Amino acid sequence: MKGFDLHEPTTVSQAVGLLGQLGPGAKVLGGGSDLVGGMMKDWVQGKGLPLPSSLVDVTTIPEMQGIKSSGSGITIGATTTLTDIVESEDIRKTIPLLSSAAATIASPLIRNFGTLGGNINQRPRCWFFRGENFACYKKGGDFCFAVTGENTYHAIIGGELCYIVHPSDTATALLALNAVAKVAGPSGTRDVPFDSYFVGPREDVLRENVLKPNELMVEVSVPTPAAGTRMAWTKLKDRQVYDFAVVSVAVAFVADGSGKWTDGRVVLGGVSPVPYRAKVVEDALRGQDIKVAAKAAAGQIRTVARPMSLNAYKVDIAQNLVERTLLEALG
Ligand SMILES: Cc1cc2nc3c(=O)[nH]c(=O)nc-3n(C[C@H](O)[C@H](O)[C@H](O)COP(=O)(O)OP(=O)(O)OC[C@H]3O[C@@H](n4cnc5c(N)ncnc54)[C@H](O)[C@@H]3O)c2cc1C
């Protein structure tokens, strides 16, 4: 693989300074399971995607590590490992949806060194993006090979121009939990709600989130859910061993005493270039008896789905998983 310089800052401002100084060839390094083990070793590159020449390791920054709990919510440093998230009692008690989602990611070994920031900001797994012979839009090329090619696992919703699906399970769960990312850049830090953190291909086909090359994710905060919030996570994979989601569903909602939906979120992974908030389903549930309305509400997915030649099966799976996950959360 191509050689690179490794930098080990100990503060966020040092890391941001290095990213600015080293320029677009510098990348933020978490556990490296995707950036080094995937993207760099596989030489994923193009005219809009140079191979990294420098890595800025953020796991050496103490302020980006660990899980903090307070009355208002839970804050998770971006270099916290997925294993630490799965094993956190605070997370299991307050936002079990995140524990469940994190536990379905990859293998125990990868969870031991894969970080939250790396998981949320990992690049897509599309085989055309990762394959060296395809100069696709995401690498600065001028075509999406999924349109005429093998698109079994590609987007069924919101895929314009490029039809990747967002790969991160924690991102799907955190959007359902109304999380907020703290982003650091040259002019300080800013809070970005997950509702506006992810960027679709029409907005910018070269990236999947709002981060600029000289910015990094410092931490993620999840507000304490309202009393009585019900949550559930379902992920369908092609294989029983570790794998990415064909479709995943995260729900977090509040129901009144008679089981009627008052407020909440339904988010799908594996279906769209960004974690997809299914407002069509939420709207259909508003004020309704969830047990009665779940099936028809889940059917609303059909009104937004635009499957490609080989992936219409995902629409059926998405509809069924949304219904099943809503009912599971109800108990
Ligand atoms: C075999 C296998 C199976 C997998 N299965 C799943 C799965 O089922 N579900 C799932 O969600 N994931 C899955 N993954 C992905 C895996 O979870 C990620 O590789 C891992 O979480 C990335 O974490 P990392 O710390 O190693 O990231 P890195 O490889 O270090 O970084 C990944 C990307 O994020 C960027 N980045 C890292 N930290 C930050 C930060 N703080 N701020 C800004 N950018 C940052 C890097 O620049 C890079 O682009 C799988 C991976 C493998 C190899």
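Residues satisfying the criterion are absent from region 61-81 (criterion: open to solvent by 30 Å² or more (accessible area, probe 1.4 Å), over 25 Å from S187 (Cα atoms), within 11 Å of the ligand (Cβ to nearest atom) and touching a Pro at 6+ places or on another chain (Cβ under 8 Å)). Only a single item in (1) within 11 Å of the ligand (Cβ to nearest atom); (2) within 22 Å of E132 (Cβ to Cβ); (3) open to solvent by 30 Å² or more (accessible area, probe 1.4 Å) is not met by Q45, and it is number (1). Note on region 104-158: residues that are part of a loop (DSSP other than H, G, I, E, B), touching a residue at least 40 places away in the same chain (Cβ under 8 Å) and within 16 Å of the ligand (Cβ to nearest atom) total 10.
When you scan region 294-301, do you find a residue that is of a type in the set (V, I, T) and either open to solvent by 70 Å² or more (accessible area, probe 1.4 Å) or in contact with a Gly (Cβ under 8 Å, 6 or more places away or on another chain) (or both), even just one? Among the residues of region 294-301, not one is of a type in the set (V, I, T) and either open to solvent by 70 Å² or more (accessible area, probe 1.4 Å) or in contact with a Gly (Cβ under 8 Å, 6 or more places away or on another chain) (or both), which makes the answer no.
Okay, residues lined up against (1) open to solvent by 20 Å² or more (accessible area, probe 1.4 Å); (2) closer than 18 Å to K27 by Cα; (3) at pLDDT 95 or above; (4) not hydroxyl-bearing (S, T, Y):
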residue: N178; (1), (2), (3), (4): yes, no, yes, yes
residue: V183; (1), (2), (3), (4): no, yes, yes, yes
residue: V192; (1), (2), (3), (4): no, no, yes, yes
residue: F198; (1), (2), (3), (4): yes, no, yes, yes
residue: D204; (1), (2), (3), (4): yes, no, yes, yes
residue: A232; (1), (2), (3), (4): no, no, yes, yes
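Looking only at region 135-152, residues that are of a type in the set (A, V, I, L, M, F, W, C) and surrounded by 20 or more Cβ atoms within 10 Å (Cβ to Cβ) come to 4 in all. Going by the conditions given, is P273 modelled with pLDDT of 95 or more, part of a loop (DSSP other than H, G, I, E, B) and more than 16 Å from the ligand (Cβ to nearest atom)? No, not satisfied.
Of all residues assigned to region 17-40, none qualifies as being more than 9 Å from the ligand (Cβ to nearest atom) and in a loop (DSSP other than H, G, I, E, B). Output yes when any residue across region 88-101 is assigned to a loop (DSSP other than H, G, I, E, B), surrounded by fewer than 24 Cβ atoms within 10 Å (Cβ to Cβ) and within 12 Å of the ligand (Cβ to nearest atom), and no when none is. No, region 88-101 has no match at all. Can you name the residue in region 213-230 that is part of a loop (DSSP other than H, G, I, E, B), within 13 Å of the ligand (Cβ to nearest atom) and at pLDDT 95 or above and, of all such residues, is most open to solvent (accessible area, probe 1.4 Å)? The residue in question is N214.
The single condition from (1) surrounded by fewer than 24 Cβ atoms within 10 Å (Cβ to Cβ); (2) in a loop (DSSP other than H, G, I, E, B) that A245 fails is (1). Collect the residues in region 52-94 that are of a type in the set (D, E) and free of Cβ contacts under 8 Å to residues at least 40 places away in the same chain, keeping them in residue-number order. Scanning region 52-94 gives D84, E87, E89, D90. As a summary of the residue check, T172 satisfies the conditions (1) free of Cβ contacts under 8 Å to residues at least 40 places away in the same chain; (2) surrounded by 19 or more Cβ atoms within 10 Å (Cβ to Cβ) except for the one numbered (1).
No other residue among G299, G331 is on the phi > 0 side of the Ramachandran plot and over 23 Å from the mean Cα position of the chain (by Cα) apart from G331.
The values are calculated or read from the model by the stated rules, or taken from the named source; none is laboratory data. Predicted model, so just to flag it, every value in this text is computed and none were measured. Using ideal geometry, Cβ is built from the backbone for each residue, glycine included, and neighbour counts are taken over all protein chains shown. To get the accessible areas, we keep the full protein, side chains included, count just its heavy atoms, and leave off ligands, DNA and RNA. Shrake-Rupley method; radii C 1.70, N 1.55, O 1.52, S 1.80 Å.
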